């Protein structure tokens, strides 16, 4: 009897230790779960903060771009130079008919004066920190209507509208260099890259659809498409930098 009693007592003692061990294990697992959950939540909050911060930077850059375009339009108006701006998309436009003769890439004397004033204003504005930090590139773009030109190229055959639009953009840039004694070429963005670039698009980026215009409106439509455009692209965060911040 004594043997059985001791056996029962001994067995009961093991059960108690067993239940205590399970309790400790469950408490430990719960603690580990809480730690993991806390880490995940903190990591999520951190990632959200990083992304929110980058979005705010882009929004600020867009706001500064709109402010820059408004200022340029106002200052040029005071100099009797009329330009059209698109704050939302970041464009400043000049009618090419005021700068070039039909089918020509040679800038008129009046056109040179306009481009000179634009160049000097950009020299003044783009050294200011808020604009320098906000604008990545200023693209000088040549655009034509869809009517094929009939002008002989000295080197070969006839020019295309693509060549004409590109040469107009290049000549506009060259005139800006001339007006600033080459100094405008020293303008850099915050990545220390050249600020100005140029390209020609012919009629591939029409503001007005010439094919859908009536014969009455077609002339105005084509005139609208013939232009020199300055496109101000804003700085955007680099994927590499965002990844580094998320992994910190």
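The values are calculated or read from the model by the stated rules, or taken from the named source; none is laboratory data. Since the structure is predicted, the reported quantities are computational estimates derived from the model, not experimental observations. Here the Cβ is made from the backbone with ideal geometry for all residues, glycine too, and neighbour counts use every protein chain on show.
Per-residue answers, yes or no, for (1) modelled with pLDDT under 95; (2) farther than 30 Å from residue 54 by Cβ; (3) not in a loop (DSSP other than H, G, I, E, B):
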| site | (1), (2), (3) |
| --- | --- |
| 156 | yes, yes, no |
| 169 | no, yes, yes |
| 174 | no, yes, yes |
| 177 | no, yes, yes |
| 229 | no, no, yes |
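Let's see how each residue does on (1) touching a residue at least 12 places away in the same chain (Cβ under 8 Å); (2) more than 21 Å from the chain's Cα centre (by Cα):
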{"site": "121", "(1), (2)": "yes, yes"}
{"site": "124", "(1), (2)": "no, yes"}
{"site": "137", "(1), (2)": "yes, no"}
{"site": "144", "(1), (2)": "yes, yes"}
{"site": "147", "(1), (2)": "yes, yes"}
{"site": "150", "(1), (2)": "yes, yes"}
{"site": "170", "(1), (2)": "yes, yes"}
{"site": "195", "(1), (2)": "yes, no"}
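Residues that are modelled with pLDDT under 95 and touching a strand residue (DSSP E or B) at 6+ places or on another chain (Cβ under 6 Å) within the stretch 179-195 comprise just one, 189.
Consider the stretch 212-225 and keep the residues that are touching a helix residue (DSSP H, G or I) at 6+ places or on another chain (Cβ under 9 Å) and in contact (Cβ under 8 Å) with a residue 12 or more places away in the chain. The one that is surrounded by the fewest Cβ atoms within 10 Å (Cβ to Cβ) is 223.
Can you tell me which residue among 247, 209, 235 is at pLDDT below 95, loosely packed, with under 11 Cβ neighbours inside 10 Å and within 21 Å of residue 88 (Cα to Cα)?
Numbers: 247 fails: within 21 Å of residue 88 (Cα to Cα); 235 fails: loosely packed, with under 11 Cβ neighbours inside 10 Å.
That would be 209, the only listed residue that is at pLDDT below 95, loosely packed, with under 11 Cβ neighbours inside 10 Å and within 21 Å of residue 88 (Cα to Cα).
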